[in-house]
Amino acid sequence: MQKRVIALGFFDGVHLGHAALLERVRTRAAELGAVPAVLTFDTHPEGLVTGDPVPLINSLDGRIDLIKRLHEISDVIVVPFDAAFRAMPWDVFVTALQRDYGAVHVVCGHNYYFGYQGAGTPRRLADACRALGMGTDVIEEVTLDGMPVCSTHIRGLLQVGEMERAGRFLGHPHTLLDRVRHGHKLGRTLGVPTINMEIPAGVVEPPRGVYVSRVFLPCDLEGNLAVTNVGLRPTLNRGETCVTVESYILDFDGDLYGQELRVEFYHYLRPERKFPDTAALKAQIQRDVMVTKGYFDEK
C-alpha cells in the first residue's frame, strides 16, 4: 500500500488555517518519501450532529479544486459521514487510517475532534498514532488582524458581501465552481452575452447584487475580467425564482455551455435593482465594466 501523510479535516473554504496544515503535510510527505493526502467528508459533521445544516463556503467539488489547485495535493479521500462512521469509536478511526489508507503520519488542527460523540482529541490522536508507529503534527491556531482564522467568521463576511476581507482570511478570492447552464440568451440581445451558473445547494449565497470578478475557463491560468450578478435579474426576469450567478465576461465571445468554470469574487459593487428599460440596464452594465477595469488597474 502506498505510504501517505494525511491531513484530517473538513477544510471548508480552504482558508489560511487550512493552508498551514496542508503545507505541513507536503513537508512531512517529502521527508518521509510518502504521498501527501487529505481525508475529508462529503457532509459537514456539525450539521448532521446538531440537525442544523451549516451553510458552506464551497461545495465538495469546490473544496477539492482548491486543495488540488492551490496546494498541489491531488490525493483527496472523501469519506461519507454516514451513520456507520458517526458511530465509529475514535481509536478505531485512528487504526483505520493506518490499515485502510496507509498513513505513516497525520496532521490535524488544534481543534480537531473525531470519532463517536467527538471523543477523539488531538492529544488522543497523537498518543494513539505513537503507539502504532505513526507520527503526528497538530497545527496551532492561525490568526489574522488579531482574530482566529475560521470558516465560521469567513461565512459571516461572505453573507454581508465583505469579499475583500473574506479573501484575506481565505488567502484567495471566494470561489464558485459550477457548469455553465442554458439561459434565455437575453444578455446577447443587449450586446452583453452572459454565462449562467448556480450556487450549489447548501453553499452560502452572497448578497444579491453585482460583483467585480474573474472567470476562469478550462486550462486558463490568468482568468478573464467579468461583471457578475447574483440574484433574480429583475429587469429581465421571466418569472424565475431560482437565484442565478450570471457573468458578463469582458472581451470574450464563445460557446461555454456545459463547461465547468470558476468564478472568483473580488468586490461587491452594488445591490441588484430593476431598471426602467433595457437601455438603462445596458448603460449601467457599461458603467460596471468601467469600474471593474479600474479595480484591477489599481491592483
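Nothing in this text is a laboratory measurement; each read-out follows from the coordinates by a stated rule. None of the values given here were measured: they were computed from a predicted structure. Don't worry about glycine lacking a Cβ; one is built from the backbone with ideal geometry, like all the others, and counts go over all protein chains shown.
Of note:
- Each label was represented as a point 7 Å from its Cα along the Cα-to-Cβ direction; for Glu140 and Arg26 these points are 2.3 nm apart.
- A full extension of the chain between Asp277 and Asp127 corresponds to an added length of 47.2 nm, given 0.36 nm per residue minus the alpha carbon distance.
- Ranked by how many other beta carbons lie within 10 Å on average, peptides 197-209, 103-115, 140-152 from highest: 103-115, 197-209, 140-152
- For Val142, the residues 5 or more places off, or on other chains, whose built amide H falls under 5 Å of its own are Val149.
- In a simple Cβ point-charge model (Lys, Arg +1; Asp, Glu -1; nothing else charged), region 174-297 has a dipole of about 480 debye relative to its Cα centre.
- Sorted ascending by nearby beta carbons within 10 Å, beginning with the fewest, Thr121, Thr292 become Thr121, Thr292.
- Largest first and in whole Å, the equivalent-ellipsoid semi-axes of region 241-299 read 20, 18, 13, each the square root of five times a Cα gyration tensor eigenvalue.
- Contour minus Cα-Cα distance for Met1 and Cys242 (0.36 nm per residue): 82.1 nm
- In Hz, Karplus ³J(HN,Hα) per residue of region 206-218 (6.51, -1.76, 1.60; θ = phi - 60°; x = Gly, Pro): x, x, 5, x, 10, 10, 6, 8, 10, 10, 9, 7, x
- The alpha carbons of region 174-297 stretch over 39, 34, 27 Å along the principal axes, in descending order.
- Beta bridges from DSSP with both residues in region 4-143: antiparallel share about 5 percent, rounded to the nearest 5.
- Dipole magnitude of region 1-118, debye to nearest 20 (Cβ charges: Lys/Arg +1, Asp/Glu -1, about Cα centre): 380 debye
- Size of charge dipole - the chain - debye, nearest 20, with Cβ of Lys, Arg +1 and Asp, Glu -1, no other charges: 200 debye
- Among beta bridges from DSSP that stay inside the chain, the antiparallel ones total about 65%.
- Volume per residue of the C-alpha convex hull in region 1-140, rounded to whole Å³: 100 Å³
- Reported label for calculated Cα extents along the principal axes in Å given (1) 64, 46, 34; (2) 56, 42, 35; (3) 71, 39, 38: (3)
- Using 0.36 nm per residue and subtracting the Cα-Cα separation, the extra length available between Arg165 and Met147 on full extension is 5.3 nm.
- Here each label is just a point 7 Å from Cα along the line to Cβ, and for Thr95 and Gln284 those points are 6.3 nm apart.
- In the chain, helical runs assigned H by DSSP with n ≥ 4 each contribute -39500 (n - 2.57); averaged across all residues and rounded to the nearest 500, the mean residue ellipticity at 222 nm is -10000 deg cm²/dmol.
- Label-point separation in nm, Asp42 to Ala84, each point 7 Å along Cα→Cβ: 1.2 nm
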